């Protein structure tokens, strides 16, 4: 007999499906064995040509078409509602659909445009998806917790239930964005895979044997399937970059205090050592940049005390554009981290690094080896893991206890079956001090590269894997070191899709000797045939507060790589 | 018989005096009863006219005279060394004198200037004092701890001893600053008075019955006596603003991440709830502004990972200057906090508020009542006090235990005679959450003032006491609520000297009924005759990251008030 929480989860799962209009339901969902890749050609079969045209346009393109009066917000919204419905049925990437409210918003925007002959903001009429950590008026937020169903963040009868909206949602609304769905995330948000007892598992749309990444895994999958032109994720250890990399989309993890997180749900709160960043993900680098820039135009620092008073800096954007042209100021110079020495990347990731390095070099830029201080990446990871144990796991276990639901193995590994002793103020202070030491040491290393760049500047950024693999296989996400160190350093980082795994090329050296147990397991997990066709992304990491620079570089690199392919 | 720590403290105290050349020693130090006020006229009797001219010039003025070739850095340095020697003998405000190194620096700068006919930076040849938290090569840092004598921050045989320099010291050196002394601070830094077992008590130079403020109390006293044109303090609960207010000088507590604290000593570390700010203090508002601006020109964000990438913003400076002129954009509008409802300011402070309000109103600006959310100030203070108990006082007790020295009563009140149980991660998280809630609530209140300003903007800043009194009497610093709430909010705040206590005007209402016990004691502590002549300062508080705006306003207000006096 089903347990109470199972019934609730099942009902919610069904309610999500029921919110999809009958006309958009698929009769049958093929298995991964039958249909590994459900992107592009596959999903297009269920759409008409106008819907395809609309949904395959990026954030900026859509905004332009609507501003030019070529498309209405209603037709754009309907097209994305349709495609998002298909996406969810194929890979389980959505927690909430609210199409009626979306169409109502779109109608109001069209009416405004008809009356005033102008848009209300930079994102007038553009559908934007939101990770299910964001609160939207009239819509539930479960974050995948069964115990949060019918509550406000687990609190019954809270007056904010159904009325509250996160600050960044208000700002996007001001800009004219249309909201229509909230996307899946893992229990506790603390995983690079996306699973929970409601939607079960979010699959990678390009390769349904693999995970879609996490914790913003629903966003990555939905955006890759073009069920959304762009949306918002959050990242405390890679949660924007992992899904972006695994799904072949773009995403930026900004410095933590650039965009507002006020009123964003979480079940791990009040830890002030390493903070989560909120940031945009999109189908193109340009779309990611536009979303970031648009939010800043709302002056979020006036409304969220944790946001720094720093508008989009046109000067930094222009200076970086100039550098991409290899002018008298010298080329761009990138560090490249081929391995962190703890876990070596699997062959597809290693090859992606070679491709990106070659493309940059060919374009006249310079690439130097990135050799951070000995043991720094391991120590940075240690600081982050410690910071999650401050409360001994009490907060997440409180959230589970609301329903008594099943805790998935990936979460058990981190938080156990019950809370442990919390850390004390002395231990926490030691962890904070260790973080600062590591940040300073890493900064000194970065500055020291001025000696080898030949440009009079330290490196402009560095290239690094986001994970040792193109994407993790279920329950085989063994190592977070490639994404997490960036959060502890509070750097900014943009994911750029580079290539696809290719079973004919991507093979381990026959004599490969694993570095250690985790590296050995990572090698064992690689299966060239299974991985074939998977997206491979890389991150380009910048110093704190250099989002403008890194977004320009991401746009430039994506153009460079697309030229390579043609 | 003297205890071991007493001997060490006595030897260090004598060593400080011994480092003053014989020619600058005073035969006899008058008692406070004999000579309450040792500023201006009193101290000038020991100086020649050239020394007086030099030492009564502000930071910018000195830099100009040297850059014009009118003064040499050596003569300027010697004049300040002399005056600082006198200052220390009169009020005990210095921990370290290093005149030989200073003269050597000054000579090198003069030689550079003679050779290149230009300065090396904005502060070429300007003597700058440093709170004894700052490390300078070749100079000891005790921070007032007997157990730190002969060590590096309490660690024996640490290779950094005598070689290490704080990042901000390096930056000031780059700018051409000359270092010659480090100033006194209280045990643990956690007091609004300045006392320790080495220098004993730093007295207020304007009224030697009162304290000089703390924890940057040596800076305030030295700057007021014009033994320094400007220097650096730190502030986690008012430690720049209290000494600035009590000594009749200027000082800014910036948003915590604008200036670099890397490599600055402390004995309360690793607490990430409310951070300390480092900031300049000076004899004039213009001097304070110049120091702030000069440090930013060194791009500290490239060298300290905790500093935000935010250069001095000329636009914000220009916009604010425009507003001071009462143009079409409307006048400046200030909130005014006459009382926080917990402790009412003593009469001199209440009168200072009236004076500043009248001056602003007369100049065409607007003043509105500042009525922050109910209980917010009390709760903000609570968050700060909690944050100091995270480690149960272990860190400060470790520092005391190095020598077994006497803990002063002001510190016993906060930390007891021995460490308590530390707080745990759950309690710490709760305190972090409470802080964010209070910050958001206060921000919403600030934004809401747009309804009453009539300028289309919320208030430009608000005026508040720094303390309930002109300065505290020894061991009578009972209430920190007026300064500390600003740190918890992470706002910026500049102290401006407003008036002098006047026994003929400043009297409590005969029917005054205390609000509570602390308010009653504060009333009891007031003695019109004793306080007569004391400086009264007020703070002008701005939103986070508005240092440019607040420094322009401080300069404007100081001009306005000096016009009032003439």
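Go through region A:529-541 residue by residue and tally those that are touching a residue at least 60 places away in the same chain (Cβ under 8 Å), in a helix (DSSP H, G or I) and surrounded by fewer than 22 Cβ atoms within 10 Å (Cβ to Cβ).
The total comes to 1.
Can you pull out the residues in region A:393-422 that are within 14 Å of chain B (Cβ to nearest Cβ), buried (at least 20 other Cβ atoms within 10 Å of the Cβ) and part of a loop (DSSP other than H, G, I, E, B)?
If the condition is that a residue be within 14 Å of chain B (Cβ to nearest Cβ), buried (at least 20 other Cβ atoms within 10 Å of the Cβ) and part of a loop (DSSP other than H, G, I, E, B), then A:393, A:422 are the ones that fit.
I'd like to check something: does region A:273-282 contain any residue that is under 19 Å from residue A:95 (Cβ atoms) and not in a strand (DSSP E or B)?
So far as region A:273-282 goes, yes, one or more of its residues are under 19 Å from residue A:95 (Cβ atoms) and not in a strand (DSSP E or B).
Failed condition for residue B:544, given (1) away from chain A (no Cβ under 14 Å); (2) more than 15 Å from residue B:284 (Cα to Cα), with all others met?
So residue B:544 meets the others, but not (1).
Looking at B:562, B:464, B:544, can you tell me which residue is outside any loop (DSSP other than H, G, I, E, B) and in contact (Cβ under 8 Å) with a residue 40 or more places away in the chain?
Answer to the selection: B:464.
With B:66, B:52 as the choices, which residue is surrounded by 13 or more Cβ atoms within 10 Å (Cβ to Cβ), in contact (Cβ under 8 Å) with a residue 24 or more places away in the chain, closer than 20 Å to residue B:99 by Cβ and touching a helix residue (DSSP H, G or I) at 6+ places or on another chain (Cβ under 8 Å)?
B:66
Kindly indicate whether any position in region A:309-319 is over 18 Å from the mean Cα position of the chain (by Cα), surrounded by 19 or more Cβ atoms within 10 Å (Cβ to Cβ), facing chain B (nearest Cβ under 9 Å) and over 16 Å from residue B:309 (Cα atoms).
no
Here is a list: B:265, B:245, B:282. Which entry is more than 13 Å from chain A (Cβ to nearest Cβ), at negative phi and over 13 Å from the mean Cα position of the chain (by Cα)?
Only one candidate qualifies: B:265.
Go through region B:288-305 and give me each residue that's more than 14 Å from chain A (Cβ to nearest Cβ) and part of a loop (DSSP other than H, G, I, E, B).
Across region B:288-305, the qualifying residue is only B:297.
What residue, among those in region A:450-461 that are crowded, with 19+ Cβ neighbours inside 10 Å and touching a residue at least 24 places away in the same chain (Cβ under 8 Å), is nearest to residue A:337 (Cα to Cα)?
Here the residue is A:461.
Got at least one residue in region A:339-352 being under 30 Å from residue A:479 (Cβ atoms), in a strand (DSSP E or B) and under 23 Å from the mean Cα position of the chain (by Cα)?
no
Does any residue of region B:77-100 turn out to be in a loop (DSSP other than H, G, I, E, B), within 22 Å of the chain's Cα centre (by Cα), surrounded by 22 or more Cβ atoms within 10 Å (Cβ to Cβ) and at negative phi?
yes
Which one of the conditions (1) within 22 Å of the chain's Cα centre (by Cα); (2) without any contact (Cβ under 8 Å) to a residue 12 or more places away in the chain does residue B:302 fail to meet, given that it meets all the rest?
Every listed condition holds for residue B:302 apart from (1).
Please list, ordered by residue number, the helices (runs of 4 or more DSSP H) wholly in region B:1-63 having 2 or more residues that are modelled with pLDDT of 95 or more and in contact with a strand residue (DSSP E or B) (Cβ under 8 Å, 6 or more places away or on another chain).
B:4-18
Filter region B:428-461 for residues that are within 14 Å of chain A (Cβ to nearest Cβ) and assigned to a loop (DSSP other than H, G, I, E, B) and give the result.
Across region B:428-461, the qualifying residues are B:449, B:456, B:457, B:458, B:459, B:460.
Only one residue in B:510, B:514, B:497 is within 30 Å of residue A:309 (Cα to Cα) and either surrounded by 14 or more Cβ atoms within 10 Å (Cβ to Cβ) or out of contact with any strand residue (DSSP E or B) (no Cβ under 7 Å at 6 or more places or on another chain) (or both). Which one?
None of the others qualify; the one that does is B:497.
With over 25 Å from the mean Cα position of the chain (by Cα) and on the phi < 0 side of the Ramachandran plot as the only criterion, which of B:120, B:62 stands out?
Exactly one of B:120, B:62 is over 25 Å from the mean Cα position of the chain (by Cα) and on the phi < 0 side of the Ramachandran plot, namely B:120.
Table: residues versus (1) at pLDDT 95 or above; (2) assigned to a loop (DSSP other than H, G, I, E, B); (3) touching a strand residue (DSSP E or B) at 6+ places or on another chain (Cβ under 6 Å).
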position	(1), (2), (3)
A:103	yes, no, no
A:108	yes, no, no
A:124	yes, yes, no
A:129	yes, no, yes
A:150	yes, yes, no
A:180	yes, no, yes
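Checking residue B:374 against (1) in a loop (DSSP other than H, G, I, E, B); (2) away from chain A (no Cβ under 12 Å); (3) touching a strand residue (DSSP E or B) at 6+ places or on another chain (Cβ under 9 Å), only one condition comes out false. Which one?
(3)
The values are calculated or read from the model by the stated rules, or taken from the named source; none is laboratory data. Keep in mind the model is a prediction, meaning the values are calculated, not measured. Positions of Cβ are generated from backbone atoms using ideal geometry, with glycine treated the same way; all protein chains shown enter the neighbour counts.
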